[in-house]
Structure formats: structure tokens, C-alpha cells
1. In terms of Cα to Cα distance under 18 Å, which lysines are near enough to residue 328, apart from those fewer than 8 places away along the same chain?
2. State the extension gain, in nm to one decimal, for the chain segment bounded by residue 89 and residue 267, taking 0.36 nm per residue of separation less the distance between their alpha-carbons.
3. Give, to the nearest whole percent, the P(r) tail of segment 269-354 beyond 21 angstrom, counting all Cα pairs.
4. Considering only protein heavy atoms, what per residue accessible area in square angstrom results for segment 143-243 with a 1.4 angstrom probe?
5. For residue 285, list long-range residues whose amide hydrogen, built 1.01 Å from N in the peptide plane, is under 5 Å from its own amide hydrogen.
6. Rank by packing, highest mean first: peptides 149-159, 321-331, 203-213, 130-140, with packing defined as the count of other Cβ atoms within 10 Å averaged across residues.
7. Please list, by residue number, everything in segment 320-336 whose backbone N is under 12 Å from a paramagnetic label point 7 Å out along Cα→Cβ of residue 276.
8. Please report, to two decimal places, log10 I(q)/I(0) for segment 258-308 at q = 0.27, 0.31 Å⁻¹ as given by the Debye formula with identical point scatterers on the Cα atoms and no solvent.
Amino acid sequence: MRQEVELLENNSFAQDGRGVPANTSSPDSEAELLDAYSRAVITAAEKVSPSVVYIEVRQRTRGRDDARRARRTPREARGSGSGFIFTPDGFVLTNSHVVHDAAKIEVMLSDGHKYEAELIGDDPDTDLAVIRINAPNLVPAHLGEAQKIRVGQLVVAIGNPYGFQYTVTAGVVSALGRSLRAQSGRLMDDVIQTDAALNPGNSGGPLVNSRGEVIGVNTAMILPAQGICFATSIDTAKFVASRLIRDGKVSRSYIGLAGQNVPLPRRIVRYYNLPVESGIMIISYDGDSPARKAGALEGDIIVGFADRPIAGIDELHKLLTEDRIGHKSSLVVIRGTEKLSLEVVPEESQSGMK
């Protein structure tokens, strides 16, 4: 009998006096879990924080004097954001919208020292930019790999919004492979969605995993929603940064037209057995553009490019890569009821053109 009582008392499924299974969790075990979570966030933040910088930007704008003279005079606008050092020789990653068209850029390090920065290049299509400072004893952040990111894993967003002290918010990866429209109009792919809130001024700061590896660049927050934030994938950032350091820009091809997505008549889709039900109607051209040289006309509907079906502008953007520059590509259009295949030679892109 004594053995039975001892077994009952030691059983994890023992019941209390009311016949309810006893609660096996203890305040100590819950505290241990919280401590483990806190330690992960603290470790990641402490590892990356020396690399996080505050960026102050001055831009030249035009402002009106008094109405009597109605004369325009230059004024100075100020902006700020965050960034992080990713090489020992002073290259800093941040957002394009933080430093675009800057007349002067200053960077404050975590130790409070300020340095003037040079704009190496920016890419509005991915909202990424690289600047450089000349400073001693810099601590670069360790860059991770986007392929290893998993939905649900712990992430930490770090920024330096006011130049006094870095800020930290933690959360999880909510989704991968999201698309987000850049200010240039192009669609940014492979965007990380997270619920690690972005504080004002945290744009351009790093999104890191529990090991303190940078897996994304904080880029945007949807204001009408709560807790929905985005970061550009670190793989995209690595590619763009390497091109900006090498060339000062990211080259893409363009065919020089403006268009809009339109549905195709069902009879046209069936007659030509098209794999798409929509296309891009050509509205206008950019001067003597490649599309015009190829024989495309206003009102034509583009349904294919480079032997790939095209259902809309975003799909065409994805195919207008650097390796298309100077090489003939097929351009399939619907003109009236005819399906035509033209040859177009894309040129190096100009901002805002397709």
C-alpha cells in the first residue's frame, strides 16, 4: 500500500483533491523559458549593436519667399534613418529612401562619434543604398543567408533612430516570399514579413536572427495595420550592395515604353491559345525607344517577351534584367486581332521606365 501511495504522488498525472490533474508546470520552469528567450534577444542585440549607425541627411529643396517677390530660394531639409556597417573598411547598408538625393550625409556610430559619409550608390527599385565612412576600429555585422530563414523563427529588428541609443524589438518571421511595391513602381520580391515592430527612424537597420546574423534590411511598415513590417532579404541586399560598390548603380534593361495592364478578349485568348488572359497595353514611348525601333505601336498589347508569357507589368519588369542589355529578344503583341512577333534590343534602363 505504501508503494502505491508513493507511485501516485510521484506520477506526473497525479490529481489534486478535486480530481483535476495537477499542474506540472512551475513558476521556475516558466521563468527559465522567459530567461532563454530574453538571453537570445540580448545576445543578438549585443552582437549587432556596435555595427548599427544613425544616419542624418540634409537635402536641398526649393521654397517660396514672400508673395511680393514670388522668388524661389534654396532651403535645407533634414531626414534621418538607420543603417549598419557590413565591411571593416566602412561600407554601410541602409534604405534608398533615407539617402536618395542627399546633399550631405552624416553617420553617428554607437560610441557617439560622427563622420561624414559618401554616397556610393542607391537603388530605388529595391529600396537599398550603400554609403561609406572613413573611421577606425569599425565592427562589421555578420551577414547570414536567406535560404536558412524559416517561418516562425525568432528575429530581432535593431535601429538607431535618434542617435542616442539603439532600439530593439523582437518577434517572429510571419511569412516569406512577400512582394512589396517600391517607390519607383517596381515590385520588390523575396521580402520578409515579420511582427517585430519598426520604430520611427528604424528604416535601414538590420533584421537579425538569434545568432546575431543579419538576414534582412528593415524597409517598411504598413501603417493601417498593426504589427506588419517588412525587410528586404539579405541575399537581395548582398547582390545589390556588390553592384553598387562596383558600379555605383544596379543596371537593368528597358524597352522604353509606358503601359497599363488590360484584360484580353476571350475570343483572342482562345483563338491563339494564349497562356495568359491579360497583357500590357502600350500607352506611350520614351523618345526613340527600343520598343518603337522594333515596330511596336501605341495600342498594341504585349503578351510575351523573351519567349516567356507576359500577363502584366510586374512580370515584364522581372525579365528586364542586366543580361538582356544589347541582346535581341522577342516581343509578342496583339494588334487588333493579329498576333505579331517583333524583335527588340533592350537598352540600359533609365529610372521609372520599362
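1. Answer for residue 328, where 18 Å is the Cα cut-off: 293, 318, 354, listed by chain and number.
2. On the way: separation 178, 0.36 × 178 = 64.08 nm, distance 6.09 nm.
Taking 0.36 nm per residue and subtracting the Cα distance, the gain is 58.0 nm.
3. Values: 780 of 3655 pairs.
Everything past 21 Å amounts to 21 percent.
4. That works out to 43 Å² for each residue.
5. Close amide H contacts, sequence-distant or interchain: 258.
6. Numbers: 149-159: 18.7, 321-331: 15.4, 203-213: 25.1, 130-140: 17.1.
Highest mean packing first, the order is 203-213, 149-159, 130-140, 321-331.
7. Answer for this model: 320, 331-334.
8. Computed log10 I(q)/I(0) values: -1.08, -1.21.
The values are calculated or read from the model by the stated rules, or taken from the named source; none is laboratory data. Only a predicted model underlies this, so the values are computations on that prediction, with no experimental measurement involved. Virtual Cβ from ideal backbone geometry, glycine too; neighbours counted across all protein chains shown. Please note that ligands, DNA and RNA were not included when accessible areas were found on the heavy atoms of the full protein model with its side chains. Shrake-Rupley method; radii C 1.70, N 1.55, O 1.52, S 1.80 Å.
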